[in-house]
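What follows is a structure written as structure tokens; I'll ask about it next.
Quick note: the coordinates plus some simple rules give every number you see, no bench work behind them. For clarity, every value in this text was computed on a predicted model and none was experimentally measured. Heads up, the Cβs are rebuilt from the backbone with ideal geometry, glycines too, and the neighbour counts pull from every protein chain shown.
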Amino acid sequence: MTDEIFSAYLGRRKTASDAFLAGDVGPLHEVSTHCDPATILGPGGTVVTGADAVNTANADGSAHMAGAERNDLETLHSGEEGDLAWWVGVQRSVVSVTGQDAAVPMDLRVTELYRREDGSWKLFHRHADPLKDS
């Protein structure tokens, strides 16, 4: 079961995702942890560990984005238990990437984990990989 506070957080997380794809990492930094442990298992096979490295990787990634024609987050399931929460779903985006002539489709399977820090939910783990055609 998802509480109202976590549901509101997921709304801010979607806003942060939209901003990230527009080249603005600020909202993502606001909803992300700045404490270890933190990880990203990226769609290109990368592994990033440590809050500072994760936030740097997010800033670097966002710097290459120039907007999205579409950015839909389809929830398969989400919830929270105590000080941990999760979101599992599919992110379907069509993104303008600097240096690319045309927008690039990016459909990803995503699992995100969050923890409560000082009363606020913070993203501390993201695993995303390409969605295969079904």
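Would you please give the residues with an amide H less than 5 Å from that of H125, counting only those at least 5 places away or on a separate chain, with H modeled from the backbone geometry?
Result for H125 returns T39, L113.
Extending each Cα 7 Å along its Cβ direction at E81 and I5, get the distance between those two points in nm, one decimal.
1.9
So how tilted is helix 4-21 from the main axis of the chain? Cα-based, degrees 0 to 90, rounded to 10.
Around 20 degrees separate the two axes.
Report, in deg cm²/dmol and to the nearest 500, the calculated mean residue ellipticity at 222 nm for the chain, where each DSSP H run with n ≥ 4 adds -39500 (n - 2.57) and the sum is divided by the residue count.
-8500 deg cm²/dmol
Also, I was wondering about something else. May I have the extent of the alpha carbons of the chain along their three principal axes, as whole Å values ordered from largest to smallest?
46, 33, 24
Could you give the angle, 0 to 90 degrees to the nearest 10, between helix 51-63's Cα long axis and the longest principal axis of the Cα atoms of the chain?
The answer is roughly 30 degrees.
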